[in-house]
Amino acid sequence: MNAIPVPLSRASAWRPGLASNGAEVPRHSEVFAPASEGTGAALALAFAQDQLAIDERPWLWVQDKAALRLSGRPYRPGLPPALRHRLIHVAAKSPEDALFALEEGLRCRDLAFVIGELAGNPKALSFTASRRLSLATEKHGVPLWLVRLDARRDLGSARLRWEVRASPSAPPRWNGQAPGAPAWRAELFRARGHPPGEWILGEEGEGLVARVGGWPSTGLGRAGFGLGTTPAQAEPVEALAHG
Amino acid sequence: MSRRILAIWLVRLAIDRWRQNHQAREGQGADTTPLALIAETAHGPRIAAANAAWLEAGARPGMMLADARALCPMLATAPSDPAGDLAFLESVALWAQRWGPWSAMDPPDGLIVDITGAAHLFGGEARLLADARARLQARGLAARLAIAPTAGAAWALAHYGPDAAIFHPDDSLDELPVAALRLDPDILLLLRRLGLKQIGDLTGIGRDALARRFRTARAPAANPLVRLDQLLGRVPEPLLPVVAHHMPMVQRRLMEPIRHRALLDQVVGDLAADMARVLEGLGMGARRLELGMWKVDGEVLVRRLEMAAASRDAAHVAGLFSRKLDDLDAGFGIELVRLRSPWTEPLTLSQADLEKAAELHGTSLAACIDRLSVRLGADAVRRPVPHASHLPERAQRWQAPLAPEASSQGELAFHVRPLKLLDRAEPIAVLYASPDGLPRRFRWRGEVYEIARAEGPERIAPEWWRERGTTRLRDYYRIEDGEGRRYWIYRAGLAGDGRGGMPEWFLQGLCG
């Protein structure tokens, strides 16, 4: 909304592994995703594993009824192994209940992080409600990733706002015909302290990696894969400051 | 020193209890005419118990009411009450602890009291039996009593021995019938057909023969050898003692009936503080609380609360109850409020003020789950746990978030599973299929997907031990379309498997 482009140094660009390098990462993020894909929740989990040190505290996954119907329930055998035994799932009937559950979760010191899934643009999720969530995360330090399924980019106070959709995955090493490890095309369209940009994100080995362009679509395995793209060197496709 | 066990057989428990409820003494008033307590069975009403007048008339318990009516047309009947009898028996079992430190129920109509080392307080075992008989008679209960070193022997003597028998270690039980061994009716029938009528007949046969004959009978009531050993004290027979349970309770009688919410919240807060004080004295914390509110017009409103972990924090409890009082109809006013805690657990003196701490340091997990499940319902807050099944939708179950996870076999991760599973697999319309049967293009939720890559099939056969024989097998494929969207789809059945028409396709899971 600022008419003057803000000069942003490359050091402030978002990149995976930012939190482990000691940088301050905003704790309230929103991920906009299509409801017919599992990408929103998957990316939120990938962010959580990327940002947070491994501990044994449980985490909360709140879904409202519409999100549950459109995109299904968490499935324990498919969750990341480090997280699957610690999940506490809340099936809320309405968006109001889901917001209540999110706020209660953020106030709980025994939770590692909270993931919310809301479908559409419910009236209850106004700017005020969003601001309440931001304040609760900042006060108690529990990070929140709120997945918005099939939602417009409405007003919100999330510090990082992502738009994500699926991206063709890297072919696995032994069966080129099979789908590989998940990859996502993620656009950071609003952020405080980071310039917006677009990346292809994927889970590579232990952590989250970002790439420009996409995975090599042919060839066996990972020869030449990730050459020169350690997480710290990944660059956004377009590092444009939105005016 | 050997144990001494007192067995009490309340011979006519149901009838005695009915008579007490109707203030009739034995042989007087309502008891002079034939009376039967009847139980409804699958074949019509049957007589469960009958009074002396009716037994003299030639009836016996267990006969059909229609047959009994034919014998004695003026028979009066009343419904039997087995649950009430059991509750009464439990209270008598507690009362019977006057003769010994612990007692156990022996349903439907018996009691076992351990009087080891206690008989001298009554002046010997004979005097103890006389005291027990007098006290039971004063309560209007007909009883047969016996004292023996084991529960089995005491039971046998009470039911089949001489009245008020006292068994000494050198006495013999060989004269008692085999029915004194507490066996099932079909085993008794078998023994009678074998010509074994007395316990002495069994001891004459030899253990090997008995063990071979009843080698498949595991339950003690089906195996005469086990019962014989229990009778003689060769194997232990644990009994479940009845323990009096004290339920913490606080209440407030109100001078003026209250009709407004703010006052009620005040009263509930006071009660919660009282309850916290009571529980603190006991070193316990409440898991379940019941708030009863007596209204002026005679109705009682009850609100129940269950907590994920034991707590006695007054502000926390009052806050949880205040959410449950929203739909309360006070009517003309509430005059008595009572708070009880039916379920308590030990809780050491450590917990501080939850509400104030919550503002500063955040809530604990148990408090967070309490708040969530009070507003959203206990079914809304759950945790997935693995379950031993091949079928994907059965491979996980949901349980309470803080309940311990049952141990299970580690799953073998041969195949990748999707991140999310739809509650019901949704059918997809195959528009174009490749020769090997996998669709190349399909329609789901009004959108067309073009499959670029696929892995499969992973064949999962139906669980034949649980499902009907016509259930079809499933071939699962993990697919990715041209845009990178990843799904988990399956084909139900094969062409020509004889279990329905052409196989159908379903989309069940969304991968990350």
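Bear in mind that the values in this text are calculations on the coordinates, not laboratory data. Here the structure is a predicted model, which is why all the values come from computation and not from measurement. In this analysis, Cβ positions are derived from the backbone assuming ideal geometry, glycine residues included, and neighbour counts consider all displayed protein chains.
Please order B:215, A:153, B:287 by the number of other Cβ within 10 Å, starting at the fewest.
On the way: B:215 10, A:153 13, B:287 18.
Going from sparsest to densest Cβ surroundings: B:215, A:153, B:287.
Based on the Cβ-Cβ distance from residue B:343 to residue B:25, what FRET efficiency comes out when R0 is 41 Å, to the nearest 0.05?
Rounded to the nearest 0.05, the efficiency is 0.50.
Can you give the relative contact order of segment B:178-232 as a percent, counting alpha carbon pairs under 8 Å and 6+ residues apart? Let's see the in-between values first.
On the way: 35 pairs, mean separation 25.2, N = 55.
Dividing the mean separation by the residue count of segment B:178-232 yields 46 percent.
Can you give the relative contact order of segment B:5-166 as a percent, counting alpha carbon pairs under 8 Å and 6+ residues apart? Walk me through the intermediate numbers first.
Numbers: 264 pairs, mean separation 49.0, N = 162.
It comes to 30 percent, rounded to a whole number.
Among B:141, B:308, B:115, flag the residue with its Cα farthest along the positive direction of the charge dipole of chain B, charges on Cβ as +1 for Lys/Arg and -1 for Asp/Glu.
It is B:308, whose Cα lies furthest towards the positive end.
With +1 on each Lys and Arg Cβ and -1 on each Asp and Glu Cβ, and nothing else charged, work out how big the dipole of chain B is about its Cα centre, in Debye to the nearest 20.
Working: 66 positive and 63 negative charges, 150 e Å.
Magnitude of the dipole: close to 720 debye.
Label segment B:178-232 by shape, choosing from rounded, prolate and oblate, from the square roots a ≥ b ≥ c of the eigenvalues of the Cα gyration tensor; if a/c is under 1.5 it is rounded, and otherwise prolate applies when a/b is larger than b/c, oblate when it is not.
Judged from the Cα gyration tensor, segment B:178-232 comes out rounded (a/c under 1.5).
With only Lys, Arg, Asp and Glu charged, each at its Cβ (+1 for the first two, -1 for the last two), find how big the charge dipole of segment B:1-149 is about the Cα centre; round to the nearest 20 debye.
340
Taking Cα centroids, how far is segment B:178-242 from segment B:405-445 in Å?
57
Please report the spacing between the Cα centers of segment B:63-97 and segment B:1-15 in Å, no decimals.
That distance is 19 Å.
Taking +1 at the Cβ of each Lys and Arg and -1 at the Cβ of each Asp and Glu, which of B:325, B:243, B:73 sits farthest along the dipole of chain B towards its positive end, judged by Cα position relative to the Cα centre?
Highest projection toward the positive end goes to B:73.
Rounded, prolate or oblate: which one fits segment B:249-376, using the alpha carbon gyration tensor with axes a ≥ b ≥ c (rounded when a/c is under 1.5, else prolate when a/b beats b/c, else oblate)?
prolate
Over what distance in Å are the Cα centres of segment A:126-141 and segment B:280-310 separated?
34
Apply the Debye scattering formula to segment B:420-510, with a single equal point scatterer on each alpha-carbon and no solvent, then give log10 I(q)/I(0) at q = 0.14, 0.15, 0.21, 0.25 Å⁻¹.
So the normalised log intensities work out to -0.49, -0.56, -1.07, -1.43.
Just the projected area, averaged over all directions, of the convex hull on the alpha carbon atoms of chain B: how many nm²?
40.3
If you place +1 on the Cβ of every Lys and Arg and -1 on the Cβ of every Asp and Glu, how big does the dipole about the Cα centre of the protein assembly as shown come out, in debye to the nearest 20?
860
Please order B:407, A:167, B:322, B:2 by the number of other Cβ within 10 Å, starting at the fewest.
B:407, B:2, B:322, A:167
State, as an integer percentage, the relative contact order of chain B based on alpha-carbon contacts under 8 Å between residues 6 or more apart. Display every interim value, and only then the final one.
On the way: 851 pairs, mean separation 43.9, N = 512.
The normalised contact order for chain B reaches 9 percent.
Per q in 0.25 1/Å, what log10 I(q)/I(0) does a Debye calculation on the alpha-carbon atoms of segment B:18-113 return?
Calculated log10 I(q)/I(0) at the listed q: -1.21.
Counting helices only, and only those DSSP H runs with n ≥ 4, report the 222 nm mean residue ellipticity of the protein assembly as shown as the sum of -39,500 (n - 2.57) divided by its residues, in deg cm²/dmol to the nearest 500.
-7500 deg cm²/dmol
Counting other Cβ atoms within 10 Å of each Cβ, which chymotrypsin sites (Phe, Trp or Tyr not before Pro) in segment B:417-512 have at most 15 and sit in a DSSP loop?
Hits after loop and neighbour filter: B:464, B:465.
If you rank B:105, B:74 by fewest surrounding Cβ atoms within 10 Å, what's the result?
B:74, B:105
Picking from B:425, B:479, B:507, whose Cα lies most toward the positive end of the charge dipole for segment B:420-510 (charges on Cβ: Lys, Arg +1; Asp, Glu -1)?
Value: B:425.
In segment A:164-203, which trypsin sites (Lys or Arg not before Pro) fall in coil by DSSP and have 11 or fewer other Cβ atoms within 10 Å? Mind dumping the intermediate values first?
On the way: sites: A:165, A:173, A:185, A:190, A:192; in loops: A:173, A:192.
For trypsin sites (Lys or Arg not before Pro) across segment A:164-203 that sit outside H, G, I, E and B with at most 11 neighbouring Cβ atoms in 10 Å, the list reads A:192.
Of all GluC sites (Glu not before Pro) in segment B:416-463, which ones are in loop regions per DSSP and have a Cβ with at most 15 other Cβ atoms within 10 Å?
B:463
Hey, could you get me the Stokes-Einstein D for segment B:5-166, Kirkwood radius over alpha-carbon pairs, 4 °C and 1.567 mPa s, rounded to whole µm² s⁻¹?
Values: Rh = 16.7 Å.
Here the translational diffusion coefficient equals 78 µm²/s.
Rg over Rh of the protein assembly as shown, using C-alpha atoms and the Kirkwood radius, what does it come to?
Ratio of gyration radius to Kirkwood radius: 1.11.
Cross-link partners among lysines for residue B:324, C-alpha distance below 21 Å, same-chain residues fewer than 8 apart left out?
A:93, B:295
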